[in-house]
Amino acid sequence: MKLAFSTLGVPGLPLTDVLGLATAHGYHGVELRVHPEEPVHPGLAPGERAAVTARFKEAGVELLGLAGYARVAAPGDDDAVLAELRGLLELARDLGAPYVRVFPGGGTDQSPEEADATAARRLGTAAEYATDLDVRILLETHDSHRTGADAMRVLGLVGHRQVGALWDVMHTWLGGEQPSESYLALAPHLGYVQVKDIASADDTTPLPLGTGVLPLTEVVDVLSRHGWDGWLCWEYEKRWYESAAPLPELLDEGREHLARLLSDAA
């Protein structure tokens, strides 16, 4: 498995510095949080997009994916959500990113069936455009669809190879799902895995990997046992928790912890 980290852990940091961290600390790739407050976002002009691609190539670091904020199950009109998705997919195409992350984002005034159908309809429509651009849309286990079983209700309705799953191990754990259950649900559609650690279900402040309660050993074990050889991406949520320790000083320790888990699982 290859290791990456998300720029959610270094909010607003210039891309050159992000890539410097990846190379200095032994990470193979980077997941870019794409948002207007970040250096990389869908508003970039063509020349700026070309410069991003060149910087990744020069650094020898892979662009794992774009972490977007489209909410595909959210109530309301489809057009705005599909326009947001199209913008993310075009940015991914221009940057050479294989994946775009989306959230479920179902509303409390919807039934689960309505949320599932809304998400599946939008993802099915976007999948055709994603096929033309050779980019894959990944539905993250998150918010209204936090378990693998929840995500599979949507993915089963979509049934398209360009729409898959992003396994956020915190949310499946918070949803009461065991890693083996999550993997079995998501495996046919799995794009990559986001790892992290927290103190408890009531305190989700990000911690160094291996110092909290999330079942990272079990996650790596089940992936290894099934011969999965994709990406593990550390999503350290510094942007939402200003009091959390700075990510750069934790990167070596985090890589070493994941390497130990991989070695033990092998």
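The values are calculated or read from the model by the stated rules, or taken from the named source; none is laboratory data. These numbers were taken from a predicted model, which means no experiment stands behind them. Here the Cβ is made from the backbone with ideal geometry for all residues, glycine too, and neighbour counts use every protein chain on show. SASA here: full protein model, heavy atoms, side chains in, ligands and nucleic acids out. Shrake-Rupley method; radii C 1.70, N 1.55, O 1.52, S 1.80 Å.
Given R0 = 25 Å, the distance between the Cβ atoms of residue 13 and residue 143 translates into a calculated FRET efficiency of 0.45.
What is the range 31-108 by shape, rounded, prolate or oblate, if you read a ≥ b ≥ c off the alpha carbon gyration tensor as root eigenvalues and call it rounded for a/c under 1.5, prolate for a/b larger than b/c, and oblate otherwise? Please report the intermediate quantities before stating the final value.
Values: a/c = 2.70, a/b = 2.08, b/c = 1.30.
Prolate shape, in that a/c is at least 1.5 and a/b is the bigger ratio.
With Cα atoms defining each centre, the range 171-193 and the range 66-120 are spaced 20 Å apart in the structure. Annotation: extensible slack from residue 229 through residue 181 equals 15.4 nm (criterion: 0.36 nm per residue apart, minus Cα-Cα distance).
Distance between the modelled labels on residue 133 and residue 253, one decimal in nanometres: 3.8 nm (7 Å Cα→Cβ projection). When the solvent-accessible area of the chain is split by element, carbon and sulfur atoms take up 50 percent of it, the probe being 1.4 Å.
Please state the relative contact order of the chain as a whole percent: Cα pairs under 8 Å, 6+ residues apart? If you can, show how the numbers build up before the last one.
On the way: 528 pairs, mean separation 50.5, N = 266.
Taking the mean separation of contacting Cα pairs over the length of the chain, I get 19 percent.
Going by a ≥ b ≥ c, the root eigenvalues of the Cα gyration tensor, does the range 204-245 fall in the rounded group (a/c under 1.5), the prolate group (a/b larger than b/c) or the oblate group? Since a/c reaches 1.5 and a/b is larger than b/c, the shape of the range 204-245 is classed as prolate. Taking each residue as 0.36 nm, the span from residue 48 to residue 217 lengthens on full extension beyond its C-alpha to C-alpha distance by 56.8 nm.
Site pair residue 240 and residue 201 shows an inter-label distance of 1.7 nm when each label is modelled 7 Å from Cα along Cα→Cβ. Across the protein chains, with a 1.4 Å probe defining accessible surface, the residues 161, 49, 55, 122 rank 161, 55, 49, 122 from largest area downward. Counting only lysines at least 8 places from residue 57 when in the same chain, those with an alpha carbon closer than 18 Å to its own are 2.
Projecting label points 7 angstrom from Cα along Cα→Cβ for residue 262 and residue 174 puts them 2.7 nm apart.
Take 71-82, 239-250 and order them by the average number of nearby Cβ atoms within 10 Å per residue, most first; the result is 71-82, 239-250.
Note down the net charge around residue 121, summing +1 for each Lys or Arg and -1 for each Asp or Glu among other residues with Cβ under 11 Å from its Cβ. Charge balance in the 11 Å sphere: -2.
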